[in-house]
Amino acid sequence: MARRRWLFMAGMGAALAITACTGPAVPRSVTLSLDKMQERLGQRFPRRLPLAGLMELNLLTPRLTLLPEQNRIQVVMLLEASGAALRRSYNGVMDLDFALRYEPGDQTVRATDLQVHALQIDGLPPQASQLLGRLGPQLAQQALREVVLHQLQPKDLALADRLGLQPGRMTVTAQGLVIELAPKPQP
């Protein structure tokens, strides 16, 4: 019995010694939840986009959906069209998706490579509908290009920075956006 106890204690001591030598666990990634990105993006809306003085689009808070199979994020936002060229207000929807990139200068995660799938406004006169159809990609670029989804704080990256790591590849998963921490390039 004493021998078993001694072996158990020796094993525990060795395990503690190994853990102490390796130091704190090194994070290899940072995960941003869909809710966190949704909250951050929501702070930038509603947004008004004037169209050559003829009409104005009021973009309402977008709804984000993760697309892990494409490594992209989908955005669906309700909008209102109004202005001098229209006799009344019209409601519609814009559907697009985008990839993500990390901007090291200000430690932000930004939307990039926008692809518009639909810009639909119910009941809009044909001429105005055609104009919006042609302008859809430009409107999306104007509204969301390089929009900040999240800004990492210095405290978020302090340990990684001390260990010579920096944000690298980003992967959209069912749980959120995973930002891998990769070694910094050597000067």
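The values are calculated or read from the model by the stated rules, or taken from the named source; none is laboratory data. Every value quoted in this text rests on a predicted model; they were computed, and no experiment measured them. All Cβ positions, even for glycine, are placed from backbone atoms using ideal geometry, and neighbour counts span all protein chains on display.
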Just need a number here: residues in segment 129-144 that are under 13 Å from LEU79 (Cβ atoms) and more than 20 Å from the chain's Cα centre (by Cα). 3
Please go through segment 148-159 and give me each residue that is surrounded by 12 or more Cβ atoms within 10 Å (Cβ to Cβ) and under 29 Å from ARG47 (Cβ atoms), ordered by number. VAL148, LEU149, HIS150, GLN151, LEU152, ASP156
Report the residue count in segment 66-96 for those that are in a loop (DSSP other than H, G, I, E, B), modelled with pLDDT under 90 and surrounded by 15 or more Cβ atoms within 10 Å (Cβ to Cβ). 3
Taking segment 44-63 as the search range and keeping residues that are outside any loop (DSSP other than H, G, I, E, B) and in contact (Cβ under 8 Å) with a residue 40 or more places away in the chain, which one is nearest to LEU78 (Cα to Cα)? LEU59
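Let's see how each residue does on (1) over 25 Å from ASP113 (Cα atoms); (2) touching a residue at least 60 places away in the same chain (Cβ under 8 Å); (3) surrounded by 15 or more Cβ atoms within 10 Å (Cβ to Cβ):
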| position | (1), (2), (3) |
| --- | --- |
| GLN138 | no, no, no |
| ALA143 | no, yes, yes |
| GLU146 | no, no, no |
| ASP161 | yes, no, no |
| ARG169 | no, no, no |
| THR173 | no, yes, no |
| PRO185 | yes, no, no |
Of the candidates GLN142, GLN127, the one satisfying the condition of being out of contact with any strand residue (DSSP E or B) (no Cβ under 9 Å at 6 or more places or on another chain) and part of a helix (DSSP H, G or I) is GLN127
By residue number, the members of segment 42-65 that are among the basic types (Lys, Arg), surrounded by fewer than 17 Cβ atoms within 10 Å (Cβ to Cβ) and under 17 Å from PHE98 (Cβ atoms) are ARG44, ARG63
So, in segment 164-187, exactly how many residues are outside any loop (DSSP other than H, G, I, E, B) and basic (Lys, Arg)? 1
Mind listing whichever residues of segment 112-124 are over 17 Å from LEU59 (Cβ atoms) and assigned to a loop (DSSP other than H, G, I, E, B)? GLY123
Just the residues that are part of a loop (DSSP other than H, G, I, E, B), more than 16 Å from LEU64 (Cα to Cα) and under 19 Å from the mean Cα position of the chain (by Cα), please, taken from segment 145-163. LEU152, GLN153
Taking the condition of being at pLDDT below 85 and within 17 Å of PHE98 (Cβ to Cβ), how many residues in segment 146-162 meet it? 2
If a residue has to be in contact with a helix residue (DSSP H, G or I) (Cβ under 9 Å, 6 or more places away or on another chain) and surrounded by 13 or more Cβ atoms within 10 Å (Cβ to Cβ) to count, how many in segment 100-119 make the cut? 7
Scan segment 97-111 for residues that are of a type in the set (Asp, Glu) and either part of a strand (DSSP E or B) or without any contact (Cβ under 8 Å) to a residue 40 or more places away in the chain (or both) and jot them down. ASP97, GLU103
